[in-house]
Each structure stands twice: as C-alpha cells, then as structure tokens.
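Asks: I'd like to ask you about the structure that follows.
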Amino acid sequence: MHKMNDLRRIDLNLLVILDALLSEQHVTRAAERLHLSQPAVSHALARLRDLLGDPLLVRAGSTLVPTARALELVAPLTEALAQVQSLLAPNTFDPATARRTFRVAMSDYGAAIILPGLIRTLRREAPGIDLQISHASREGMLEGVLNGDIDVAAGVFPEMPNELRSSVLFEERYVCLLDRRSLSADGVLDLPTYLSRPHVLLEMRGSGTPEIERALTSLRERRRVAISLPHWNVAPQLISGTDLILTVSSRSVREIDQQELIVLPPPFEIAPFTFVLAWHRRRGADQALNWLNRRIEEGMRRDT
C-alpha cells in the first residue's frame, strides 16, 4: 500500500522535467526546452527533491551539477520514458502523415553517402519527418544512443555494446589519395614510399582510423601524420600540389576529379571494415524508427 501511495504522488510530467533538467543542468534552458515557465520547472524540481529525498542538482556557479543519486537515475529514467513513449505510440505508422523528428549521428563521410538518397525518400514518402544530424567520435555516437540523446547512429563501431542492436549497411575498403605529380614515373606506390611520405589523418576527438594503425603495427612500421583534422571536405584540397597521402575509405573518393589526384590501393593489407546502423534495443517497438532504418538500409543496397 505504501508503494501504491508513492506512485499516486508521481506525475509523469515530473519525470519528463527531471530528464530535461539532468540533460540541460540549467533551470532556464530546461524550461525553454519544455516550453514551460522557469517558476514551473523550479517548482517541479522542488517536488522531485521531496519525492526522491535528494537534492538531485546542486548549484556550482551558473550551472547545476547532478548529485550521485541523480547520475544513477539518468539511464533508468531515459529507458522508462522511451518505454512509455512506445506504449503510447499508435499501433500503426503512416509515413505519409506522420510528424516526427529523428536525431541521427553520423560523420560527414556517412552523411555524404546516406543523406542525399535518404532525404529524397523522406520528401517523397514522409514529408513530415525531420532529421537532426549530429557529428561525434565513434565513442560519442554510441554513448548518445545509449543515453537516449541519439535515435540512431551510422558509422564504424568495432565494439558494439550489448544494449544496442545493429545492421550492416555495407563493407568498405581503404584506398590512398595522392597528387599525380608526386608519384614516380612508373606511377607505383610502394611501401617505402608510403612510409617516407607525410600523411593526413581524418579523426574526430582522437577516434582516428585504428584499422590503418593496426595494419602498420603488424608490419612493425609507423607513418608520420603531418596533419590531423575532423573534416573530410577539405582533405582532398590538402593533397593537391603536395607530397601528402590520405588513406581513406573507397566510397569517399568516388567523386574525386582524378585529373590532378589519383586513387591507388595501399601498398600493404588493411582489413576491410563494416559500416553499420546502431540503435538501442529498447527502441525495438518504435515503428517509426524501424521504418527509418529500413529506408536507410534500402538506400544503401541500391547504391551498392
């Protein structure tokens, strides 16, 4: 009976407000996110503190810092709200009339491959579906899916947490991009040349391309990275007119103008990798997300 009385005291809206407060760590920003007044959110925080017997958020300068108890609540709260959303969702999903915003994480490489076809599909079949695209490291994207900030992530994830499901979009291989004039007359890229030249490394917050480094380590060799950057779009411009080498996935250089630049296979074996979609297992009943994932998968099959 005591537990039933406690449940009667809990308003589901309080959990939604708590989720926003833990995410924003700021009353005003949480209020703006929820389209509520600041006093309403402050009052809700006071009720939550009373219900849970914990300060939950304590002031540190201009921000609110979550207590240890609040941090313990983040994952189960996110899961509980997702389950409630699935419970209240309609039994059928009609893409033609649905209005929904999906938060999708992918690199600019993934965006260049996935988004053009996907956007055309959405505009044709589901004009009410909107996308919010974010960019992070491999670890950051998976963390976003785990904590509920991201609906689905597209990328290379060698280690997939048990809480997530995934589907393979395509298998990819590495190639080297060089300035044609930097090659010898025979146009061959051998291992000594590869190792003697400076390299461009595409990475986001230290995620890098471990497949390349592992392959070199197996040969007991290392390469010199002259510049590392998180943006693909500018990388080919750095290669033109220089002795730099960029080792990247083959799909990313499909549209490269090979008048000045040349695409060659690496002079050593680099294991291929799979590019996948990843989403949380708790979202398995979300028909709208399932529909979006299928459209992405179908788009990649047509592109293969």
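The values are calculated or read from the model by the stated rules, or taken from the named source; none is laboratory data. Since the model is a prediction, treat every value here as computed from it, not as a measurement. FYI the Cβ positions are ideal-geometry reconstructions off the backbone, even for glycines, and counts take in every protein chain you see.
Asks: Give the residues of segment 268-297 that are small (Gly, Ala, Ser) and crowded, with 18+ Cβ neighbours inside 10 Å, sorted by residue number.
Replies: Across segment 268-297, the qualifying residues are Ala278, Ala288.
Asks: In addition: Test each condition in (1) touching a residue at least 12 places away in the same chain (Cβ under 8 Å); (2) assigned to a helix (DSSP H, G or I) for Pro192 and report the one that comes out false.
Replies: (1)
Asks: When residues of segment 39-76 are filtered for being in contact (Cβ under 8 Å) with a residue 60 or more places away in the chain and either of a type in the set (Gly, Ala, Ser) or loosely packed, with under 14 Cβ neighbours inside 10 Å (or both), how many remain? I'd like the intermediate steps shown before the answer.
Replies: Step one: of segment 39-76, the residues in contact (Cβ under 8 Å) with a residue 60 or more places away in the chain are 74-75.
Checking the rest, the ones that are also either of a type in the set (Gly, Ala, Ser) or loosely packed, with under 14 Cβ neighbours inside 10 Å (or both) come to 75.
Going through segment 39-76 one residue at a time, the tally reaches 1.
Asks: From the list Leu169, Leu189, Leu195, Leu216, pick out the single residue that is in contact with a Leu (Cβ under 7 Å, 6 or more places away or on another chain) and more than 22 Å from Leu142 (Cβ to Cβ).
Replies: Leu189
Asks: Check whether at least one residue in segment 281-296 is among the aliphatic types (A, V, I, L, M), out of contact with any strand residue (DSSP E or B) (no Cβ under 6 Å at 6 or more places or on another chain) and without any contact (Cβ under 8 Å) to a residue 24 or more places away in the chain, and report yes or no.
Replies: No, that holds for no residue.
Asks: Filter the strands (runs of 3 or more DSSP E) completely within segment 69-167 down to those with at least 2 residues that are among the basic types (Lys, Arg) and at pLDDT 90 or above.
Replies: It comes to none.
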